[in-house]
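S.K.: Below is one structure. I have some questions about it.
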Amino acid sequence: MTQPTLPQPTLTEFVSGLADYDPNALPVAQAQRIVQEFVQPIHGIETVTIWQALDRVLAADVISPISVPAHDNSAMDGFAFQGPDLLPDAATQFSIVGTVYAGRTFDGSVGRGECVRIMTGAVMPAGCDTVVPQEFTQHASDTTVTVPHGVVRTGDNRRLMGEDLQAGKAALTQGRILRSADLGLLASLGIGQIMVQRRLRVAFFSTGDELRSLGDALDAGCIYDSNRYTLFGMLTRLGCELIDMGVVKDDPASLEAALRSACANADAIITSGGVSVGAADYTKQIVAQLGDVTFWKIGMRPGRPMAFGTVTSGGKTAYLFGLPGNPVAVMVTFYFFARDALLRMMGTHSAPLPMLRAASATDIRKKPGRTEYQRGILSTDAAGNPIVRITGSQGSGVLRSMSEANCMVVLHHAQSNVQSGDPVDVVVFEGLV
Ligand code: AMP
Ligand code: MG
């Protein structure tokens, strides 16, 4: 099994070189940069068939073995001829000298004033460079057809050889996450097997004595563990190989055993809970023994506390993301810190989540000096412009706000109160969660 290369320097060394670094008051942008620059891609490649390749990360450039299309061909059902035969200021009559269907070639020659009946996708007969669609023609019989003046110009309705993909050029580049169009594109090149990065192995568990698993009785004061299911969904969407480690009790021995076991099996470990003030003390001691983890207080809401670093056990090292316990905070910190880092580990050219601008439907209170992630519902106003309204209660424990939302409104670090109608940045969930 390949583990991520142990980063040099360690996180402690890495952050000690940063001028304005304060783990107790870390702006979101700085925390994102540290996480993103610190993690390293994993190594390990496997060959899969095209049927297994959806959402996998391409491990090497795919060079087109052929041009697509392989020949000039017709984009329409109609008649192919030489463009210069069209009369400059009148309708042109052509003699029909043959028919060519898709998947066939026309082996005869096409002279001046002659044309070939052609179907969409059929190879252009030698010498022909223009196609008039059937519906634009007049007086078509078995032997002649008339092309009215002005309905086509030379070169119209012809697809050029290699206009989709050129032989010898990179059709897809390393690091790309393969989506539906890419599968079709590979098939159009005749490629049925490709090399992809192995899946990233992510171990995850919830911490907390109050947590009960599904199927357990809910004792007084206890709650069901929901974070593990949210994390399961988010990690599955990213294409990770999951190691579900269940609920871990708030005691040092259980936590240490869980972290050691996770280290042995995973590239990254994601935990929820136990990183806020008070809870964190014994956690800090354990991770201090096992590795190099920093407990941050990030200038954000929700999700202020987060632990990040590496843990090592039995000679194996894994990155640790200790996310906060509150259900909304888990999702926010996952999307805005862990996601990009996991994508980088997976070998992708990760790009930050795309944002779009929408007018806020209401006033929003916002203090400068921290980033706020509010759950929103994006729609369009009567004029068709994007508009966003905040979902009801924004408490970091109110998972319903996340479930009802279709986007996150990002109120940036320096931003202050928003007036109704002001543009705000929005990250759309579709395709993400
Ligand atoms: P903590 O950071 O461990 O103090 O947790 C903060 C809050 O999140 C507490 O109210 C916890 O009960 C809640 N919480 C922690 N873990 C989970 C979980 N896995 N599922 C649901 N709620 C949780
Ligand atoms: Mg807890």
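The values are calculated or read from the model by the stated rules, or taken from the named source; none is laboratory data. Since we're looking at a predicted model, the values are computed, not measured. Using ideal geometry, Cβ is built from the backbone for each residue, glycine included, and neighbour counts are taken over all protein chains shown. Side chains included, ligands, DNA and RNA excluded: accessible areas come from the protein's heavy atoms. Shrake-Rupley method; radii C 1.70, N 1.55, O 1.52, S 1.80 Å.
S.K.: Exactly one condition in (1) modelled with pLDDT under 95; (2) away from ligand 1 (no atom under 14 Å from the Cβ); (3) open to solvent by less than 70 Å² (accessible area, probe 1.4 Å) is not met by residue 215; state its number.
M.R.: (3)
S.K.: Considering each residue of the range 239-255, count those that are crowded, with 20+ Cβ neighbours inside 10 Å and in a helix (DSSP H, G or I), and give that number.
M.R.: The qualifying residues number 1.
S.K.: Only one of 112, 153, 117, 158 is among the basic types (Lys, Arg) and under 26 Å from residue 187 (Cα atoms); which?
M.R.: Answer to the selection: 158.
S.K.: Further question on the same structure: Within the range 358-376, count every residue that is touching a residue at least 60 places away in the same chain (Cβ under 8 Å) and either open to solvent by 50 Å² or more (accessible area, probe 1.4 Å) or not polar (S, T, N, Q) (or both).
M.R.: Of the range 358-376, the ones touching a residue at least 60 places away in the same chain (Cβ under 8 Å) are 358-360, 364, 369-373.
Of the ones still in play, those that are also either open to solvent by 50 Å² or more (accessible area, probe 1.4 Å) or not polar (S, T, N, Q) (or both) are 358-359, 364, 369-370, 372-373.
Number of matching residues: 7.
S.K.: Further, regarding this structure: Quick check on residue 324: is it more than 28 Å from residue 247 (Cα to Cα) and either buried (at least 22 other Cβ atoms within 10 Å of the Cβ) or away from ligand 1 (no atom under 16 Å from the Cβ) (or both)?
M.R.: Details: more than 28 Å from residue 247 (Cα to Cα): no; either buried (at least 22 other Cβ atoms within 10 Å of the Cβ) or away from ligand 1 (no atom under 16 Å from the Cβ) (or both): yes.
The answer is no for residue 324.
To keep it simple, each residue is scored yes or no on (1) within 30 Å of residue 177 (Cβ to Cβ); (2) of a type outside the set (A, V, I, L, M); (3) in contact (Cβ under 8 Å) with a residue 60 or more places away in the chain.
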| site | (1), (2), (3) |
| --- | --- |
| 216 | no, yes, no |
| 219 | no, yes, no |
| 237 | yes, yes, yes |
| 243 | yes, no, no |
| 248 | no, no, no |
| 256 | no, yes, no |
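S.K.: Read through the list (1) open to solvent by less than 30 Å² (accessible area, probe 1.4 Å); (2) out of contact with any Ser or Thr (no Cβ under 6 Å at 6 or more places or on another chain); (3) among the hydrophobic types (A, V, I, L, M, F, W, C); (4) touching a residue at least 40 places away in the same chain (Cβ under 8 Å), then give the number of the only condition that residue 429 fails.
M.R.: It fails just one condition, (4).
S.K.: Could you figure out which of (1) open to solvent by less than 40 Å² (accessible area, probe 1.4 Å); (2) touching a helix residue (DSSP H, G or I) at 6+ places or on another chain (Cβ under 6 Å) isn't true of residue 345?
M.R.: Of (1) open to solvent by less than 40 Å² (accessible area, probe 1.4 Å); (2) touching a helix residue (DSSP H, G or I) at 6+ places or on another chain (Cβ under 6 Å), only one is false for residue 345: (2).
S.K.: When the range 382-405 is examined, which residues are found to be open to solvent by 60 Å² or more (accessible area, probe 1.4 Å) and either among the basic types (Lys, Arg) or in a loop (DSSP other than H, G, I, E, B) (or both)? Walk me through how you get there before you give the answer.
M.R.: Quick first cut of the range 382-405, residues open to solvent by 60 Å² or more (accessible area, probe 1.4 Å) only: 382-383, 385, 389, 392-393, 400, 403-404.
Hits for the range 382-405 are 382, 383, 385, 389, 392, 393, 400.
S.K.: Output the residues belonging to the range 256-289 that are over 30 Å from residue 394 (Cβ atoms) and either at pLDDT 95 or above or under 30 Å from the mean Cα position of the chain (by Cα) (or both).
M.R.: 256, 257, 258, 259, 260, 261, 262, 263, 264, 265, 266, 267
S.K.: Another question, if that's okay. Taking the condition more than 16 Å from ligand 1 (Cβ to nearest atom) and on the phi > 0 side of the Ramachandran plot, does residue 347 pass?
M.R.: Yes: the conditions hold for residue 347.
S.K.: Among the residues of the range 284-321, which ones are open to solvent by 20 Å² or more (accessible area, probe 1.4 Å), farther than 23 Å from residue 340 by Cβ and either near ligand 1 (Cβ under 10 Å from one of its atoms) or hydrophobic (A, V, I, L, M, F, W, C) (or both)?
M.R.: 288 - this is the single residue of the range 284-321 that is open to solvent by 20 Å² or more (accessible area, probe 1.4 Å), farther than 23 Å from residue 340 by Cβ and either near ligand 1 (Cβ under 10 Å from one of its atoms) or hydrophobic (A, V, I, L, M, F, W, C) (or both).
S.K.: Mind telling me which of the residues 431, 397 ends up being modelled with pLDDT under 95 and either within 22 Å of residue 307 (Cβ to Cβ) or aromatic (Phe, Trp, Tyr) (or both)?
M.R.: Only one candidate passes the filter, namely 397.
S.K.: Right, here's the next one. What residue, among those in the range 256-280 that are open to solvent by 50 Å² or more (accessible area, probe 1.4 Å) and near ligand 1 (Cβ under 8 Å from one of its atoms), is nearest to residue 24 (Cα to Cα)?
M.R.: 276
S.K.: Taking the range 133-157 on its own, how many of its residues are open to solvent by less than 30 Å² (accessible area, probe 1.4 Å), within 46 Å of the chain's Cα centre (by Cα) and of a type in the set (A, V, I, L, M, F, W, C)? Steps first, answer last, please.
M.R.: Within the range 133-157, the subset open to solvent by less than 30 Å² (accessible area, probe 1.4 Å) is 133, 137, 145-148, 152, 155.
When the remaining residues are screened for being within 46 Å of the chain's Cα centre (by Cα), the result is 133, 152, 155.
Now restrict to residues that are of a type in the set (A, V, I, L, M, F, W, C): 152.
Qualifying residue count, the range 133-157: 1.
S.K.: Among the residues of the range 189-210 satisfying the criterion of being assigned to a loop (DSSP other than H, G, I, E, B) and more than 16 Å from ligand 1 (Cβ to nearest atom), which is surrounded by the most Cβ atoms within 10 Å (Cβ to Cβ)? Give the steps one after another, and end with the answer.
M.R.: Step one: filter the range 189-210 for residues assigned to a loop (DSSP other than H, G, I, E, B), giving 189-192, 198-200, 208-210.
Now drop any that are not more than 16 Å from ligand 1 (Cβ to nearest atom), which leaves 189-192, 198-200.
Working: 189: 19, 190: 10, 191: 18, 192: 11, 198: 19, 199: 19, 200: 25.
Across the range 189-210, the extreme among qualifying residues is 200.
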